[in-house]
Structure formats: C-alpha cells, structure tokens
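Enquirer: What follows is a structure written as structure tokens; I'll ask about it next.
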Amino acid sequence: MTTDATEARGATAPGSPTPAPPAGAAPTGTTLPDRTAVAPAHERRRATTTLRGTDVYAMLGSAAASLSLTWLFFTRLAPFSGGLGFVVFAYVLFLALYALLVSFDENGPAVRDRIASAIVHSLAVILLVALAFVVVYTLWSGRKALPHTNFFTQGMKHAGPLDPLTVGGIRHAMIGTLIQIGIALALTVPAGLLCAVFLNEVPGRFSRFVRTVVEAMTALPSVVAGLFIYATVILSLGVPLSGLAAALAISVMMLPIIIRASDVVIRLVPGTLREASYALGSPRWRTVWHVVLPTARSGLTTAVILGTARGVGETSPVLLTAGFTAVTNLDPGNGPMVSLPLATFEFVKSPQPAMIARGFGTAATLLVLVLILFVIARTIGGRGPGELTRRGTHRRVVASRRDQKRFAERAAARASMAYSGPTTHHVQSPDPGPAQGVDGS
Amino acid sequence: MVVDAGAAADRPRRLYADSGLPDRLFRGVATGGGALVLAVMLLVGGFLTYRGWQALREAGWSFVTTAQWDPDARHFGIAAVITGTVLIAGVAIVFAVPLAIGTALYISEYAPFRLRRTLVSTIDLMAAVPSVVYGLWGLFFLQGKVIGLARWLSTYFGWIPLFKVDGADPNDPLATATVYTASTFVAGMVVAMMVTPIICSVIREVFSQAPIGEREGAYALGATRWGMIRSVVLPFGKGGMIGGTMLGLGRALGETIGVYMIISPVFVVQPHILQAGASSVSSLIALRYGEATPFAMSALMAAGLALFLMTLVVNFAASSIVARSRSGATAE
C-alpha cells in the first residue's frame, strides 16, 4: 500500500477499519506499516500550557472557602475584629485549604510547589501594591494644591500659615532645586566621569585604593555629608547657609554614587573594541574619547540621571546646609535657599491643613520630577553598551556606507594619481585611512 | 656552561612603549581626577575623625555607655541612639527581606517574560523615590493604620520585652492610642519601604545569574519549579541574598528624614519597639545641629563618625560576601 492511499483513506473515512490489502498485490514502492489501525484517528494535540483547569479550580475554590470561613469566624463564631486580622486569617486559611485541595490529586513535592508559588506571588503583589500605593497616595493627596496655577508661579513670601491655597506656592523651592542640582551636577559629572575613567584606564595599586575608598564613601549617611559641609564650609570658612553649601553637600553625597555607577558601565565596554582601536594605532586618550566613552554613553547618561534623581530627593544634607526661606532666592552664594524636599519637610511640620496640602503638593511635584528623570534614564540607557535601537543601527549602517564610499573614492583618486604622476613608481594599496571608522557616529 | 651563558644573555626584555606626550598628559589628568576625588573623600573621613576626636577624648568610654545627650554638661553618649538606630534598622530588615526575596523570586522565576523588564524598572524606580515621600506616607497614612496591629501585638505578646508597652492598658476602652504612635515599629516599617527595592534589585540580579545548565538539570531530574528554586537558585544566590540584605541594612542605618519625621525622640535606651519614643543617630544630628556649641558640634561629629563606621563595616562585609559568593560564576 502506498502512502498516498493511506492518507487519502484517512482523510475521507476517518475511523473506519482498514480493509486488508489484497493478497495478491505485490508491494511496488516503499512498504509502510499500517498506522491507521494503531493510532486513534482523533489524536488530540497535547496541551503544553503550564496552567491547568484543576489548578485554577483549586485556587478559586480555596479562596472562596477561606473567605466565607473567615467571615463566619469574624461575625458569628469568634470575637475577632479588624481589617488586617481578617486578611491575615483569610490568607492563612486559604493556604491551608489550597494545600488540602491540591493534595487530593498531587503528591507531596507538587503540593509544596503550589504553596511556594502562592506565597511568592503574594509577596510580590504585596510589595508592588505597597510601592504603587505610596506613589498614588502622594499624587492623590497633592490634588488639592496642584490645580492652583499660583502654586507654581508664586513663592511663599506673602502667604502666611492660615492663608488658603489660592495664595502662595513653591516657585522658590522649584528654582532652588534647579540651581542646587545644577551646581551639584556641574561639580560631580566632570569629577565623577574623570574618576571612573581613571579607575578603568589607569589600572594599578593607586586606582585600586581609590576604588576601595569610593566604595566606602557610598556608605556615608547623607546626614553626615550634610554635617561635614556644615562644619567645614559654614562654620569654619564662614560661608552663610546658602544654596552653594547645599549644592556642595549634595555633591559629596552624589559623587560616590555616580562614580560607582559609571565605573560599572565603563567596565562593561567590550575589550575587543578597545583592542581594535589600539591595533589601529590610536593612543590611549583617543581610544577613551572615541571608543570607550561613546560606547558607554547611554550607560553613563543613566548613571548621571540616577545620581541626579537621588540628589534631587535628598532632604537631610539640604536641611543642615541650605537654611529655610519663604522667598525666591536666585543667588546661590548668598542667603538661604529652599529645595523641594526641604519645602515638603517644612510644610508638613505645620498643623494647618492648607500647609499640609501644600506639603503634599510639593512632594507630588518632586515625585513627578523624579519619575520624569527616571523615565528619561530608562529610555536612554535601558540597554547595555553596544546594543542599539533600530534608529541607531540605521544611523550606523548609513555612516558605514558613507565611509566605504569615501574610502573607495580616495583609493580611486590615488590610483589615478599613481597612474598619471610621473614620480610614483608603484600603485599604493587602498589605505583605509585613520581610525575614523571606529567611532561610527 | 654554554647553557648558563645563554640564559644570562637571554634576559627578559624590558617592555617599553612611549605613547607620546598627549597620552602621558591624559594619564596625568585622569590620575589627577582620581586623586582629587580621593582627597575629597579622605577629607570627609579625616575631618569627621579630627573634629569628633575632641569629644571622644573628653568622654572616653562613657561615650558608648551613656544614654543621655547633654554635651554642654559633658554628659553624653550614644548608647540610646545606637540602640534606637539598630532597632529601627532591625525592624526594617525583618519586614524588607521576605518581601524582597519573594519579589526577586517572582521577577526572576515566575513572572511572564514580557512583564519582567517592566517589573525590574518599577523596582528600580522605587529605589529612586525620595525618602521624604515615604516619610509623608508613613506620617499621614501608615501611623494611624498601625495602631491596631501594635495594640494587638502588645496585648498578646507583651510578655516578650521587645513588644512591651509601658503605660498601655488594653482593658481600658478610653485609653489614648498615642502611646502606640511615633514608635520604632512605625519608623522601621517606613524604612523598610525605602530599603526593600534596594535589597530586591541586588537579589534579583543574582538570582537571574543562576546557571541555566543547573536549572535544566534539576528539571530533567524531575524537580518541580520550587524544587529547582530550592536546589539551584537559592543556594546559588545565597551570597547575593546576604549581601543585598546587608546593603539594605547599611542604608537603613543611615536613613534620616523618614525616621526624623515619624519618631518622637527620647534619650533613654528604649527597647520597647511598639512604644512611642525612639531615637536614631541621624535624627539626633538633624535635631541638634542647629543650636550646637563648638563642643556639642564635636560630639555630634563623633556620633556621626560612629554611624559612618557602622555603615562602613556593614557595607564592606556585604560587598566582600557578594564578591566571594559563587554568584556570577557559571556551571560547566
């Protein structure tokens, strides 16, 4: 019997018993065993999903049972009360019932697997819900202050503690934050990146020591950084409580964070890229400038932005060094200057509802600022060095084609020169030129 | 003889590469940058020690045994604030570690692939949320909600010294609830919210590096998912779990503003974590720096130095544990 015949029969008359082959028919082609008799005609595909109906039923069933049992206990049987108690009691009961239900048709390890899975899922849900709740709570509590335009365009100069939300705002704090973080970035970004480059490009005993010290300084509590600046810059050098002092305190705190993050990013630059650059004859500084830093650019940006997010939100160094004022101060060297976290802190100290609403509004503004910084950091640096976006890949391909064309033109020009020029005795091989192709951007 | 002469002549060549003036300049500038950062860092540590030394010499050993903080009467010590700091960090760690491990396991083992990147970003974002925001949440939301739990714990577990609350009478329905607020417990919960994302991201990083070969080996031997986690992921990530926890502990010890907003400061050794009144080194500094005389400033510096040394030890221990663990190694 041929394969075609079997298939045709299987298609037209599924499930019908196969007639025996005629006795006299000699096999002409390949002889195949008759499969239709062995395999059931309706073989179903195996479900490869890991989620099974029984699991879902067991989970839903035990959830319903635990809820109703807990309700029974709390309202009829036992003198229990309280929302948290209800949840905890119901959860423990749910785990017990779930284990019981699963144990009806699974063995011990499978039961433990299900229980562990339930616990891990609920721990993750608790954490994510709690964290999301903190964010939503802050934004929601800020809703009273945020719709007023004057909240962003006025300082607190003319607003007393009893004034309604239509008077006064946080312009002074927003400007103060921008100035302070600007100064801090102007100090920490060059110093931090230079130090990170040093740690990676000039290896040796000294750089190992610097790395250890930087690692140690990430442990410096932020309030101690503030205390340091307070004792040196303000008490010893006589600089007044000001935005500059606050920016210095933030810098002391941000510097180790930025160095560590950029150190890690620079270390991730593939060694092959560096070696290729050295092999093309470029010196060390050119390699760093044209290969290492461009490759690590997105990661370095992320490191700086994450450091900024930390610096923007720090309250305690600013609390010790910036002083407090209700008016807008544009001069970082003179007079107290408020930032967003400090303003939040000072607002909620007051028992007045309007001040507390202002505090939440300020916190919401700060939170939104951090969120924006973070989203920017993720969009720029969500990928490792060398990984490109589609547009980046396209740009690089275009640049590479341009280079190729340029090299070809140059080679052609040289060849023609060699042909026409009387002094040249040999045709130069096409020179790929200096290491311009390495940069790629 | 001939061999000896040959060996003498065949000395290792001195490797020498002159990379030119620009390169030497570059090395100089980079080294200068490193030295500058080093100088700033050493200045912070050195200045703290130098200024704190005056108070330390004056106080002697009583600095670690005295609970009162009255530097101008020469009667001060960090017994109370260090105890408070450690208790707050301890409460924070007790809440944070199970949550962090559970979430890290969920992200690296259970979560659908499409969700993972989002979840990782969310956790990282939470680590960047300013502590004053967590402090607000703790002050205006959590504080009121925790009273019930605190009362229940102190009523039924009050026989454990840690959960004892002086001045609380569970049989008095009119008793004020303020005795349960502004406590170490609430502050610890707020700090837990701040450190959980940090611990979680370290642990998740290590879990996701667990070698795929060993994972599949466990599955091939018939392990369930939990069996695989217990026999491969958790042993592999043990160093990361301890290290991440200690990193979180270091952060929790130094946390200032969240704690300062919650607690009502006391300067006695306060072992009752549910009772109103707590203390920490960082909130002591934030509270007392303003009106400090030069000597009091020196005493605050000494307290800050003690805190810094504590976080330093914890951080170094953490990084050495992470570095020494198998994490990052792959199976062959």
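Enquirer: What residues have an amide H closer than 5 Å to that of residue B:76, excluding those fewer than 5 places away on the same chain, when H is modeled at 1.01 Å from N in the peptide plane?
Expert: Long-range HN contacts for residue B:76: B:70.
Enquirer: Related question: Calculate the length of the line joining the C-alpha centroid of region A:201-227 to that of region B:28-81, in whole Å.
Expert: 17
Enquirer: Take every residue in peptide A:134-146, count the Cβ atoms of other chains within 10 Å of its Cβ, and give the average of those counts.
Expert: 3
Enquirer: Another question about this same structure. Figure the gain on full extension for residue A:331 and residue A:140 (residue separation times 0.36 nm, minus the Cα-Cα span) and round it to one decimal in nm.
Expert: On the way: separation 191, 0.36 × 191 = 68.76 nm, distance 3.36 nm.
Full extension of this stretch gives 65.4 nm more.
Enquirer: Sticking with this structure for a sec: Rank these by accessible area, largest first, 1.4 Å probe: B:48, A:248.
Expert: A:248, B:48
Enquirer: I'd like the Karplus ³J(HN,Hα) series for region A:358-364: coefficients 6.51, -1.76, 1.60, θ = phi - 60°, whole numbers in Hz, and an x wherever there's a Gly or Pro.
Expert: With the stated coefficients, region A:358-364 comes to 4, x, 5, x, 5, 4, 5 Hz.
Enquirer: Ok, one more. What quantity of accessible surface, computed with a 1.4 Å probe and excluding non-protein components, is buried in total between chains A and B, in Å² to the nearest 100?
Expert: 6900
Enquirer: Which of the lysines could a cross-linker span from residue A:144 if the Cα-Cα distance has to be under 19 Å and same-chain partners fewer than 8 positions apart are dropped?
Expert: Excluding near neighbours in sequence, the set is A:349.
Enquirer: Where only protein heavy atoms count, and the probe is 1.4 Å, what is the accessible area per residue for the protein assembly as shown in Å²?
Expert: Here the residues of the protein assembly as shown average 51 Å² of exposed surface.
Enquirer: Another question, then. Where in chain B is the longest stretch that carries no chymotrypsin sites (Phe, Trp or Tyr not before Pro) classed as loop by DSSP and with at most 14 other Cβ atoms within 10 Å?
Expert: B:160-332
Enquirer: What residues of region B:264-299 lose no less than 30 Å² of accessible area with every protein chain in place versus their chain by itself (probe 1.4 Å, heavy atoms only)?
Expert: B:285, B:289, B:297
Enquirer: Another question, then. Give me the dipole magnitude in Debye, nearest 20, for the protein assembly as shown about the Cα centre, with unit charges on the beta carbon: positive for Lys and Arg, negative for Asp and Glu.
Expert: 1500
Enquirer: Right, next: For residue A:289 paired with residue B:74, estimate the spin-label separation in nm (one decimal), with each label point 7 Å from Cα along the Cα-to-Cβ line.
Expert: Those two pseudo-labels are separated by 6.2 nm.
Enquirer: Show that you can apply the helix-only estimate: for chain B, add -39,500 (n - 2.57) for every DSSP H stretch of four or more residues, divide by all residues, and state [θ] at 222 nm to the nearest 500.
Expert: The helix-only estimate for chain B comes to -21500 deg cm²/dmol at 222 nm.
Enquirer: Could you look at region B:64-324 and say what percent of its accessible area is carbon and sulfur, using a 1.4 Å probe and all protein chains?
Expert: Here carbon and sulfur together make up 65 percent of the probe-accessible area.
Enquirer: Taking beta carbons within 10 Å but only from partner chains, what does the mean come to for residues B:303-315?
Expert: Across the residues of B:303-315, the mean count of other-chain Cβ atoms within 10 Å is 4.
Enquirer: So between residue B:116 and residue B:287, what do we pick up on full extension, going 0.36 nm a residue minus the alpha carbon distance?
Expert: So the chain would gain 57.3 nm between residue B:116 and residue B:287.
Enquirer: With chain B treated as a Gaussian network of Cα nodes joined by springs under 10 Å, which of B:72, B:23, B:124 yields the largest mean-square fluctuation?
Expert: B:23
Enquirer: Select from B:132, B:64, B:29 the residue whose mean-square fluctuation is largest in a Gaussian network model of chain B (Cα-Cα springs shorter than 10 Å).
Expert: Looking only at B:132, B:64, B:29, the biggest GNM fluctuation is shown by B:29.
Enquirer: Which residue, B:135, B:227, B:258, tops the fluctuation ranking in a GNM of chain B built on C-alpha contacts under 10 Å?
Expert: Looking only at B:135, B:227, B:258, the biggest GNM fluctuation is shown by B:227.
Enquirer: To the nearest 0.05, how large is the calculated FRET efficiency for residue B:269 and residue A:371 if R₀ is 51 Å and r is the Cβ-Cβ distance?
Expert: E(calc), rounded to 0.05, equals 0.80.
Enquirer: So, one more: Note the full-extension length gain between residue A:107 and residue A:406 as 0.36 nm times their separation in residues minus their Cα-Cα distance, in nm to one decimal.
Expert: 100.6 nm
Enquirer: Could you please put A:153, B:85, B:31 in sequence from largest to smallest accessible area, using a 1.4 Å probe?
Expert: A:153, B:31, B:85
Enquirer: Can you sort B:322, A:135 by solvent-accessible area, 1.4 Å probe, largest first?
Expert: B:322, A:135
Enquirer: Can you send over the solvent-accessible area of residue B:238, 1.4 Å probe, protein chains only, in Å² to the nearest 10?
Expert: 120
Enquirer: Roughly what angle does helix B:294-324 make with the longest principal axis of chain B, taking Cα atoms, 0 to 90 degrees, to the nearest 10?
Expert: Approximately 50 degrees, to the nearest ten.
Enquirer: Taking a probe of 1.4 angstrom, what is the accessible area of residue A:206 in Å², to the nearest 10?
Expert: 80
The values are calculated or read from the model by the stated rules, or taken from the named source; none is laboratory data. Values in this document were obtained by computation on a predicted structure and should not be read as measured data. Glycine also receives a Cβ, built like all others from the backbone with ideal geometry; neighbour counts cover every protein chain displayed. Side chains included, ligands, DNA and RNA excluded: accessible areas come from the protein's heavy atoms. Shrake-Rupley method; radii C 1.70, N 1.55, O 1.52, S 1.80 Å.
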